[in-house]
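Novice: The structure is given below, and queries will be raised subsequently.
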Amino acid sequence: MALKVLIVEDDGPTLELMDEVLTSLKAEVRALSDSKQASALVNQERFDGIFVDLQMPGVDGFELARQVRKSSWNKSAPIVVVTGHDNAKIMQEAFAAGATFFLQKPVDRQRLTKLFKATRGRMLENRRQYVRVPLQTEVICQVEHQTFRGTSSNISQGGILFEVGRSLSPGASARLSFRLPGRELRIEVTGVVVRVDDKQRAGVRFTHVGSRELQLIRDLIGSDESESTQAQNRST
């Protein structure tokens, strides 16, 4: 699956070049010249990576990067700052705003291609946080002094969705315990309730997962992705 990338650049020729180059590298590109539009979009749609020009009218690159870091959709997405500045103060301000990488202007094909290939791994890792795979297992949930049991629907590196049979308040802290298929080790995590749907399924975002437990979740997601890819290849 192609990486989904947002480019925000008010200079038309630069935006067109970046769109062309990244599309040729098999990325799914959303190219915008309006930073205000981009400001709204980052709170509505998830991207694997975001390219942001620093100097733009309306919402500049510093402010847009800060908004990305505050958004629930893209707060962990790598941000590539595109700028003609190379002084240390500007770079420090950009990093403080949330920048991950820098692309120096004027942008050319070779430099952009090299940077994109270097950042692919980081973008893929960001995507894997949100890849959900089906999982039906018993979940023991503790909220304050109450403990109850439910059944999960799916899981990602960043959270789990499970049916609790009761209403939970978004923002509530929770301790969860569950097992993965074929594993004896119980996964113990802490998290926060981010949503509860009309079926009384709670979405919990993990706030702390041990390194061993996180690797087991990654292994589960990776094996499911591999099986899905093989099935798609057999059907084509």
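Novice: Quick one: which residues, 5 or more positions from Gly159 or on another chain, have an amide H under 5 Å from its amide H? H modelled 1.01 Å from N in the peptide plane, none for Pro or chain starts.
Specialist: Residues meeting the amide H criterion: Phe206.
Novice: Distance cut-off 23 Å, Cα to Cα: go down the list Lys4/Lys117; Lys26/Lys89; Lys36/Lys75; Lys36/Lys114; Lys70/Lys117 and report the pairs above it.
Specialist: Lys26/Lys89; Lys36/Lys114; Lys70/Lys117
Novice: Under the definition of Cα pairs under 8 Å and six or more residues apart, what whole-number percent is the relative contact order of segment 161-200?
Specialist: 47 percent
Novice: Restrict the search to segment 133-196; then list the GluC sites (Glu not before Pro) that DSSP places in a loop and that have at most 11 other Cβ atoms within 10 Å of their Cβ.
Specialist: Of the GluC sites (Glu not before Pro), the ones in loops of segment 133-196 whose Cβ has at most 11 other Cβ atoms within 10 Å are Glu144, Glu184.
Novice: Students sometimes get this wrong: rank Phe51, Phe101 by accessible area, probe 1.4 Å, all chains present, largest first.
Specialist: Most to least solvent-accessible, the answer reads Phe101, Phe51.
Novice: Taking θ = phi - 60°, what integer Hz values does the Karplus form 6.51 cos²θ - 1.76 cosθ + 1.60 yield along segment 17-33, in sequence order, with x for Gly and Pro?
Specialist: Values per residue, Gly and Pro as x: 5, 5, 4, 5, 5, 5, 5, 5, 8, 6, 8, 8, 10, 10, 10, 10, 9 Hz.
Novice: Quick one: plug the Kirkwood hydrodynamic radius of segment 101-176 (C-alpha pairs) into Stokes-Einstein at 4 °C, 1.567 mPa s, and report D in µm²/s.
Specialist: 82 µm²/s
Novice: Next question. If I take R0 = 30 Å and measure r between the Cβ atoms of Leu216 and Arg46 in this structure, what FRET efficiency does the formula 1/(1 + (r/R0)^6) give, to the nearest 0.05?
Specialist: Approximately 0.80, to the nearest 0.05.
Novice: How long is segment 165-226 along each principal axis, judged by its Cα atoms, biggest number first, in Å?
Specialist: 32, 22, 18
Novice: Among Gln44, Gln104, Gly222, pick out the residue whose Cα is farthest towards the positive end of the charge dipole of the chain, where Lys and Arg carry +1 and Asp and Glu carry -1 on C-beta, about the Cα centre.
Specialist: Gly222
Novice: Please work out the ratio of the alpha-carbon Rg of segment 4-79 to 2.2 N^0.38 Å and round it to two decimals.
Specialist: 0.99
Novice: Please give the direction-averaged projected area of the C-alpha convex hull for segment 52-96, in square nanometres with one decimal.
Specialist: 3.1 nm²
Novice: Looking at segment 5-114, which GluC sites (Glu not before Pro) are DSSP coil and have at most 14 other C-beta atoms within 10 Å of their C-beta?
Specialist: Glu45
Novice: If you don't mind, another one. Taking Cα atoms, how many degrees apart are the long axis of helix 109-128 and the longest axis of the chain, rounded to 10 and kept between 0 and 90?
Specialist: Result, in degrees: 10.
Novice: Under 12 Å from the Cβ of Val52, count the other residues' Cβ atoms, weight Lys and Arg +1, Asp and Glu -1, and hand me the total.
Specialist: So the environment of Val52 carries a net charge of -3.
Novice: Solvent-accessible area of Thr147, probe 1.4 Å, all protein chains present, reported in Å² to the nearest ten, please.
Specialist: 90 Å²
Novice: Search the structure for amide H atoms under 5 Å from the amide H of Ala31, placed 1.01 Å from N in the peptide plane, and list their residues when 5 or more places away or on another chain.
Specialist: Close amide H contacts, sequence-distant or interchain: Ile7.
Novice: Over the chain, what portion of Cα pair distances is larger than 23 Å, expressed as a whole percent?
Specialist: Across the chain, Cα pairs with separations above 23 Å total 56 percent.
Novice: Per residue of segment 91-107, in order, report the coupling 6.51 cos²θ - 1.76 cosθ + 1.60 (Karplus, θ = phi - 60°) as ³J(HN,Hα) in whole Hz, putting x for Gly and Pro.
Specialist: Ordered by residue, 3J(HN,Hα) equals 5, 4, 5, 5, 4, 5, 6, x, 5, 10, 9, 10, 10, 7, 8, x, 6 Hz.
Novice: Same structure again: Ordering His85, His145 by accessible area with a probe of 1.4 Å, largest first, what comes out?
Specialist: Descending accessible area places them as His145, His85.
Novice: Enumerate the calculated ³J(HN,Hα) couplings along segment 146-161 in order (Karplus 6.51 cos²θ - 1.76 cosθ + 1.60, θ = phi - 60°), each rounded to whole Hz, writing x wherever the residue is Gly or Pro.
Specialist: 9, 10, 8, 10, x, 10, 6, 10, 7, 8, 9, 4, x, x, 9, 10
Novice: As a check on your grasp of the helix formula, calculate [θ] at 222 nm for the chain: sum -39500 (n - 2.57) over DSSP H runs of n ≥ 4, divide by the residue count, round to the nearest 500.
Specialist: -11500 deg cm²/dmol, from helical runs alone.
Novice: Residues with beta-carbon under 9 Å from that of Val5, excluding Val5: net charge, scoring Lys, Arg +1 and Asp, Glu -1?
Specialist: Computed value for this residue: 0.
Novice: Taking amide H positions as placed 1.01 Å from N in the peptide plane, with prolines and chain starts having none, which residues 5 or more places from Thr151, or on another chain, fall under 5 Å of its amide H?
Specialist: Distant-sequence amide H within range of Thr151: Val139, Glu163.
The values are calculated or read from the model by the stated rules, or taken from the named source; none is laboratory data. Computed from a predicted structure; not experimentally measured. A quick note on method: Cβ atoms are made from the backbone with ideal geometry, for glycine too, and the neighbour counts reach across all protein chains shown. Keep in mind that these areas ignore ligands, DNA and RNA; they rest on the heavy atoms of the full protein, side chains included. Shrake-Rupley method; radii C 1.70, N 1.55, O 1.52, S 1.80 Å.
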